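S.K.: Before I ask anything, let me first share the structure, which is written out below as structure tokens.
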Amino acid sequence: MGRTDGARVLILAIESSTPRSSVALAERDVVVASASLGVPQRHGEFLGPALQFCLEQAGASVGDVTGVAVGVGPGLFTGLRVGIATAQTFAAARSLPVVGLSGLDVLAFRSRHVGRLVCTALDARRRELFWAFYRQAPGGMQQVAEPQVGDAGELAAEIAAQGGDCLVVGDGGLRYGDELAAAGADLAGPADAWPDAADLAQLAVPRFLREETHEPQSLQPIYLRRADARIGWQERGRMHGGAG
Amino acid sequence: MPEDRPARITLRSGGPDDTRALAAALASLLRPGDVVSLSGELGAGKTCFVQGAAQALGVTERVTSPTFMLVKSYAGDLPVVHGDVYRLDRVRDVEDLGDELLAADVVTFLEWGDAVRSFLPPDRLEVELLLDDPEDIDADRVLHLEVHGTWAARAADLATALAPWVGPTAHAC
């Protein structure tokens, strides 16, 4: 256990914005339980039991939790919303504060001891990636530019523009490794491929202590893709009223 | 990235069983992560096509039209996800169909996928099914297959696997 001064701080963290979901409980800055899912895309069936498992392992009950941290993307849309909805429900039911953090930030936190430019890059499907750049700063990592979505060629060009001296972390880096390495980047291994709830909890704890928290209903997923468009069914001649 | 005019293969099917058979032949070329977009009028054979392909991929459950369910997942030697965007109004609504759609470890069949092209990956197979005679529901079906992105590398294999169905294009548009 961490420090014993002050009130109990037990943070529940939920990260389900990528194919690898995870849940963790942290008592101040010490992760006391965590569970992660190897099988992708079953967020809905995983979060509830994982939450129960973490509470049991930590010898805690629902009533002991003092705050909820959740990954707000960018990432897989349904997983993201399941995670946010779970965090909102849990927090709202007990009037707990919440902290929403980007998966790219959580992934960068893992590389906070790397003394160089870090690029976190997550597979966005459709041959695209979500990415952001970070530098070491006192107490953690500082994002140096707005997160972006684009293809590997665009990211490679950005890395080259940075002089190529950059560590790329995340499953996007693994998937498009050849193109990024050609731009001069080094690639982190598969162990750091996805944001993890244990890191999310550790990154969020200081915000709870500083009371930089939000109301549950104010949580919003990060959506980097371009604006939505209406499907032009009329122009395509969809047969209205037909069964499809 | 602008795309060159995609290569096109035109097939002829004599009926539902023939459509299932040619889809099964095509399934031998499918790999995890593949995306097949299907378009064609009511009754043109989109669901028959998916039934034939899914069975060849080891799916034993009966494949039914996803129009009302919007999306359905099937276990198989290769998992199959079958979606339909017909009831959607906005391109982004496709994300409501769930994260299994377009996942890297499944084959995705998306009915009316051409309506949401901007949401689809650049690497995909597009299949358009047409009635050879629009007045006759029992007419032969003409299928246009278009390879996009990295699918272009499989065009020759597709033509080989589907050779028995490669048909005259006189009636096609």
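Here, each number is a calculation from the coordinates, and none is a lab measurement. Keep in mind that this is a model prediction, so the values were computed, not measured. Ideal geometry is used to build each Cβ from the backbone, glycine not excepted, and the neighbour counts take in all protein chains shown.
S.K.: Considering Cα pairs under 8 angstrom that are at least six residues apart, work out the relative contact order of segment A:112-187 and quote it in whole percent.
M.R.: 32
S.K.: Suppose a student asked you for the relative contact order of chain B, using Cα pairs under 8 Å spaced at least 6 residues apart; what percent would you report?
M.R.: After rounding, I find 33 percent.
S.K.: Right, here's the next one. Determine the sum of side-chain charges near B:Arg31: Lys and Arg each +1, Asp and Glu each -1, restricted to other residues whose C-beta is under 13 angstrom from that of B:Arg31.
M.R.: -3
S.K.: Taking 0.36 nm per intervening residue step and subtracting the Cα-Cα distance, what contour gain separates B:Glu61 from B:Asp77 on full extension?
M.R.: So the extension gain works out to 4.5 nm.
S.K.: Could you give the alpha-carbon Rg of the protein assembly as shown over 2.2 N^0.38 Å, rounded to two decimals?
M.R.: The reported ratio for this selection is 1.11.
S.K.: By how many nm would the segment from A:Ala181 to A:Ser218 lengthen if fully extended, with 0.36 nm per residue of separation less the alpha-carbon distance?
M.R.: Stretched fully, the A:Ala181-A:Ser218 segment lengthens by 9.4 nm.
S.K.: If amide H atoms are built 1.01 Å from N in the plane of the peptide, which residues on other chains or at least 5 residues away come under 5 Å of the amide H of A:Ala33?
M.R.: A:Leu25
S.K.: Over its Cα atoms, what ratio of radius of gyration to 2.2 N^0.38 Å does segment A:4-104 give?
M.R.: 1.00
S.K.: Can you pull the one-decimal nm distance between simple spin-label points at B:Ala153 and A:Gln52, each 7 Å off the Cα toward Cβ?
M.R.: 4.6
S.K.: Work out which GluC sites (Glu not before Pro) in chain A are exposed loop sites (DSSP not H, G, I, E or B, at most 15 other Cβ within 10 Å) and give the longest gap free of them.
M.R.: A:1-210
S.K.: What is the gain in length, in nm to one decimal, between B:Asp138 and B:Arg5 on full extension, counting 0.36 nm per residue of separation less the C-alpha to C-alpha distance?
M.R.: Length gained, B:Asp138 through B:Arg5: 44.7 nm.
S.K.: List the residues, sorted by chain then number, that are 5 or more residues from B:Ala7 or on another chain and whose placed amide H is less than 5 Å from its amide H.
M.R.: Close amide H contacts, sequence-distant or interchain: B:Val147.
S.K.: So what is the relative contact order of chain A, in percent, for Cα pairs below 8 Å that sit 6 or more residues apart?
M.R.: Once normalised by length, the contact order is 21 percent.
S.K.: On to the next question. Which percent, to the nearest 5, of DSSP beta bridges fully inside segment B:1-148 are antiparallel?
M.R.: 55
S.K.: Within 10 Å of each candidate Cβ there may be at most 13 other Cβ atoms; applying that plus a DSSP loop requirement, which chymotrypsin sites (Phe, Trp or Tyr not before Pro) in segment B:1-78 survive?
M.R.: Passing sites in segment B:1-78 are B:Phe68.
S.K.: Another one. For the protein assembly as shown, what proportion of DSSP beta bridges, expressed in % and rounded to the nearest 5, is antiparallel?
M.R.: Within the protein assembly as shown, antiparallel bridges account for around 65 percent of the total.
S.K.: At 7 Å along the Cα-to-beta-carbon direction for both A:Glu146 and A:Ala92, put a label point, then send me their distance in nm to one decimal.
M.R.: 3.0
S.K.: Okay, moving on. List the residues, sorted by chain then number, that are 5 or more residues from A:Leu187 or on another chain and whose placed amide H is less than 5 Å from its amide H.
M.R.: So A:Leu187 has HN proximity to A:Val168.
S.K.: Count neighbours as other Cβ atoms within 10 Å of each site's Cβ, and list the trypsin sites (Lys or Arg not before Pro) in segment B:1-90 that are DSSP loop with at most 11 such neighbours.
M.R.: Here the sparse-neighbourhood loop sites are B:Arg62.
S.K.: If you keep only loop residues by DSSP, which GluC sites (Glu not before Pro) in segment B:109-156 have at most 10 other Cβ atoms within 10 Å of their Cβ?
M.R.: In loop regions of segment B:109-156 (DSSP not H, G, I, E or B), the sparsely surrounded GluC sites (Glu not before Pro) are B:Glu135.
S.K.: A further question follows. Please report the antiparallel percentage of the DSSP beta bridges confined to segment A:112-187, to the nearest 5.
M.R.: Expressed as a percentage, antiparallel bridges in segment A:112-187 total about 70.
S.K.: As a check on your grasp of the helix formula, calculate [θ] at 222 nm for chain A: sum -39500 (n - 2.57) over DSSP H runs of n ≥ 4, divide by the residue count, round to the nearest 500.
M.R.: That comes out to -9500 deg cm²/dmol.
S.K.: Obtain the nm distance between the two label points defined at B:Met69 and A:Asp29 by a simple spin-label model: each point lies 7 Å from its Cα along the Cα-to-C-beta direction.
M.R.: 5.1
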